[in-house]
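Below is one structure, written out as structure tokens, with a few remarks after it.
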Amino acid sequence: MENHVNPDLQKERDTATFNVDDFKMWWAGGRKKLAEKRHLEEVFLNDPELTYETPPSYLSYKALHEENIRLVSKATKKFHSEVMVKEVAKNGDEWEMLRKFRNIHAMFLVMGVGQNGLSDHVHFGLYLPTLLSQGTDEQKQKWLTKALNMEMIATYVQTELGHGTYLKGLETTAEYDPKNEEFILNSPTLSSYKWWPGGLGHTVNYAVVMATLITKGKSYGLQPFIVQLRDEDTHMPLPGIIIGDIGPKMGLNNLNNGFLGFDNVRIPRLQMLMKNSQVQACGKFKSTPMSALSFGASMMFVRLGVVNDAAQTLMVASTIATRYSAVRRQSPIGDDTSIEPQIMDHLTQQAKVLPQIGKTIVFKLISDNTWNLYTEVMKEIKVGDFTHLPELHAITCGLKAIFTTDAVKGVEILRLACGGHGYADYSNMPALYCNNVSMCTYDGENTVLLLQTAKYLYREWSKLLQGKPIASTLQYFRSALDVTTEPLQDWQGCVKALIDALEYTTAHKVRMVYEKIEKEKIKGTSQEKAFNKYGIQLVKIAELHTRVYIARTMVGLLKNQRKATSAVKSVLKDAFDLFVRYEFLNNIGDVLQFIPLTGQDVDAYQGCFERSLLKFRTNAVAVVDGFDAHDRILSSALGSYDGHVYERIFEMVKKNPLNQKPVNESFDLYLKPLMKSSL
């Protein structure tokens, strides 16, 4: 294959209004971080040993697991030596270390090397956060070093066959035996078997298990326990451990998701993580309010990791579809039918692809900003200040739900934008969709999380009516109390006015749902039943609030991009304008409920959105180049940097095992006898 770049793709790069290298540096977070990224790419993505020997789509379920373990073993050794985990853990902030560790692992090992996910990912993404938030200093000293050295590989075990998000329904028990100072773990029913944890099937040998603590005949709710599952030398399941893999799924089939049952499994007392809740040798239980808070803090950390993953997913998909849209030529637009334009010249194609690029930029900035918020709130909690914890909980629940839902929808839109080739495995679009749609369910099912955010909005609205202070992110609620002010009176194409209108709509939606629930309560309906009756509307207000939170936060973030050049800032503004107009039109039905717009108004907003598409189209390829996704990360014949789409498609097709011989064995075994049988 020649080294030159596809001329259509090169033309797009030549006409960009900003320097792509400047964008890459801004996107990475500065010159130093870009250099670190380049080094990691060289280490992991250019290593021929860290590739599938056979493309994963052609492997059996069993072979896929075995190849995955080979990659896990080789990549993790290299990862530890390069990222210098021990030094960071010893000298740096534990949570910041874990954040960096987890995100680098996700980007380079999961998306680049593993393609479909690596089966040790939960070790870094869930086990270690739980250990840090729930373990005592002594427990961390014992188990953290062991985990970082990979002397143990662990997972986090909570969900059961019969229960997921309803934690009080979990049935696994851990009953304390004071005579032997041990906990006895049991799975009393089939529905109590643990189900789904990544790596549980055949990869890990330890787990943090969430089980209902029973001591002195009394239940004290869910507590975390470190449980050894397999022998460290032979890897055989230990006595009383019933364990295995749950089988093929829609995607992520090398994550080795497993099941786990307990039959009188005994563990030492000190293997209950006891930072915030303790069982003394005599069996007495002690707990502090920090127990629930620490669990919430660790789950917020995990959800923010998922938020980052959603942003990365959309970045990969938008890069693939944008480059393909510049290379693919089809369907004449003008009278001259001999000239087929780039499909990006079709406005309908722009409407599919370009808003997803804008959303990628917004998601990245919001994700980074929320990590910073999380860090600040954790510092406040350490000194006993919990003021901002409920607000952060509501924000992270909403962001996890919206980011993952939008990322998966975005991948499907972008897959469709790639036409027939988007359906083929060599585009990587099917894998991106199937491997990431699970984000909408794990670490908090999205509807349940949106209801958490909605209940927070309900409580804050009640505070507003009582004249009490409300969260800074909810000050827009007051617009629903001032009936003299109606947005969009002097719009004139202003994006700020659209955000004001969305806030006004959301505030009135919250007011309306609050009043309905209060009327139900006056009738004698319990609050829980009232919430269920208006559950659909509660989910909607949470969704709308999260979207206006994203938009309003972005206004401030764009003002503070000091590291970006003026040309990069300009294209960021264009991306944000496109994002807001896209969001406004998608929610215009709710807006019309409270703001009396005319048909001409709506047509004007649509026209403004279309002009935003045309303006952003000039820089689309350059922006996705600025995302700086390595071809190994993209894993797509359609999205490579050089744009040689058809050559790469044919190269990948030739790797198909069915194409290794001109005649497959099935001809002599079945087809030939059939064709010669004279039916």
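The values are calculated or read from the model by the stated rules, or taken from the named source; none is laboratory data. These figures come from a predicted structure and were not determined experimentally. Ideal geometry is used to build each Cβ from the backbone, glycine not excepted, and the neighbour counts take in all protein chains shown. The area values use the complete protein model at the heavy-atom level, side chains included, leaving out ligands, DNA and RNA. Shrake-Rupley method; radii C 1.70, N 1.55, O 1.52, S 1.80 Å.
Here are a few things to note about the model shown:
- Dipole magnitude for the chain: about 1500 debye, using +1 per Lys or Arg Cβ and -1 per Asp or Glu Cβ, origin at the Cα centre.
- Listed by chain and number, the lysines whose alpha-carbon sits under 22 Å from that of residue 509, ignoring those within fewer than 8 places in the same chain, are 400, 455, 463, 468, 496, 519, 521, 523, 529, 533, 540.
- Stretched out straight at 0.36 nm per residue, the stretch from residue 150 to residue 445 would grow longer than its current Cα-Cα span by 103.2 nm.
- Using C-alpha pairs under 8 Å with a sequence gap of at least 6, the mean separation divided by the residue count of the stretch 313-374 gives a relative contact order of 33 percent.
- Residues residue 561 and residue 386, FRET efficiency given R0 of 22 Å [Cβ-Cβ distance, rounded to 0.05]: 0.10
- Within the stretch 154-288, percent of DSSP bridges classed antiparallel, to nearest 5: 80 percent
- Positive end of the dipole of the chain (Cβ unit charges, origin at the Cα centre): among 48, 187, 34, the Cα lying farthest that way belongs to 187.
- Summary of packing: across the peptides 529-538, 439-448, 238-247, the per-residue average of other C-beta atoms within 10 Å ranks them, highest first, as 439-448, 529-538, 238-247.
- Percent of Cα pairs exceeding the 23 Å cut-off, where the set is the stretch 217-319: 54 percent
- Relative contact order %, the chain, counting alpha carbon pairs below 8 Å whose residues are six or more apart: 17 percent
- Overall, the accessible surface of the chain at a probe of 1.4 angstrom is composed of carbon and sulfur to the extent of 54 percent.
- The chain: calculated mean residue ellipticity at 222 nm from DSSP helix runs of at least 4, using -39500 (n - 2.57): -17000 deg cm²/dmol
- Cross-link pairs beyond the 21 Å C-alpha cut-off, checked among 37/379; 275/379; 24/563; 62/654; 33/78: 37/379; 62/654
- Order by protection proxy (mean Cβ within 10 Å, highest first), peptides 401-407, 592-598: 401-407, 592-598
- Surface per residue (accessible, 1.4 Å probe) for the chain, Å²: 45 Å²
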